[in-house]
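These notes are about the structure you will find just below.
Every number here is computed from the coordinates shown, using simple stated rules; none is lab data. Everything quoted here is computed from the prediction, not taken from an experiment. All Cβ positions, glycine included, derive from the backbone under ideal geometry; neighbour counts span all protein chains shown.
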Amino acid sequence: MNALFHATTAISVAVLLTDTSRIEQACTSKNRIWTSVFAFFVGIISHGALDYIPHCYPINSKLDAIASLILILTTIWFTNKKYRLIIGLSFLGCIFPDLVDLSPGIINKLTGFNLPINDKLFPWHFHEYSGSIYNGECDNSTLNHSLIILTCSIICWARRSDLQKLFGRDS
């Protein structure tokens with residue numbers, strides 16, 4: 001799955017898991033830290049689910065990497081300081097499996113380096129468990145990508161008060 005879809009999912013993971021009213025009432029960083037750690041692990045799990053479903057790669061890999069990085073940095077920049085750790089670890093969890101399993105090969109290809117490439121750690125990157133489609137039959141993939149965006153949108157809409165507090169100004 002393109003990194004842009006994983007990054008988009010990270011936003012909805014953070015919104016879904018962040019109960020801003022509970023965090024503000026408790027007024028401790030303990031709740032934010034636990035929510036951040038939980039967001040990281042849910043991000044990893046969501047990455048696996050997204051990679052497992054049948055998908056093509058509708059976005060060019062260089063454009064995907066650039067757009068994803070811009071989305072991540074912009075989102076973190078506009079996040080309320082109280083919630084930056086949650087958003088940051090949600091993003092990290094959602095892209096972590098690709099960083100671990102795929103980064104050395106991509107870096108070698110782009111730079112000519114010779115970084116060691118280890119066996120894949122995450123099972124959804126194994127050929128038999130990956131939903132990657134390379135034969136050009138992408139109708140199912142287009143539907144799946146649309147459903148991902150729809151699901152993320154519904155989560156953000158349903159939790160819009162938390163979304164507003166995540167990206168609102170510090171009080």
Exercise. By average Cβ neighbour count within 10 Å, what is the ranking of 148-157, 9-18, 92-101, 110-119 from highest down?
Worked result: 9-18, 92-101, 148-157, 110-119
For this session: For the range 3-166, restrict the atom set to alpha-carbon positions and state the Rg and Dmax in Å.
Result: 16.8, 53
Problem set entry | On Cα atoms only, tilt of 29-52 relative to the major axis of the chain in degrees | 30 degrees
Exercise. Label residue 147 and residue 111 with points 7 Å out from Cα along Cα→Cβ: what is the distance between them in nm?
Worked result: 3.8 nm
Exercise. For residue 102 and residue 138, what does the FRET efficiency come to when R0 = 25 Å and r is the distance between their Cβ atoms, rounded to the nearest 0.05?
Worked result: 0.75
Exercise. Between the helical axis of 3-17 and the dominant principal axis of the chain, each derived from Cα atoms, what acute angle in degrees is found, rounded to the nearest 10?
Worked result: 30 degrees
Problem set entry | Stretch gain in nm, segment residue 120-residue 65, where the contour uses 0.36 nm per residue and the Cα spacing is subtracted | 17.8 nm
Problem set entry | Cα centroid separation - the range 91-161 against the range 6-20, whole Å | 17 Å
Problem set entry | Angle between the chain longest axis and helix 84-101 axis [Cα atoms, degrees, rounded to 10] | 10 degrees
For this session: Would you list the P(r) distribution for the range 26-103, with all Cα-Cα distances sorted into 10 Å bins from 0 and each bin expressed as a whole %?
Result: 17, 44, 30, 8, 1
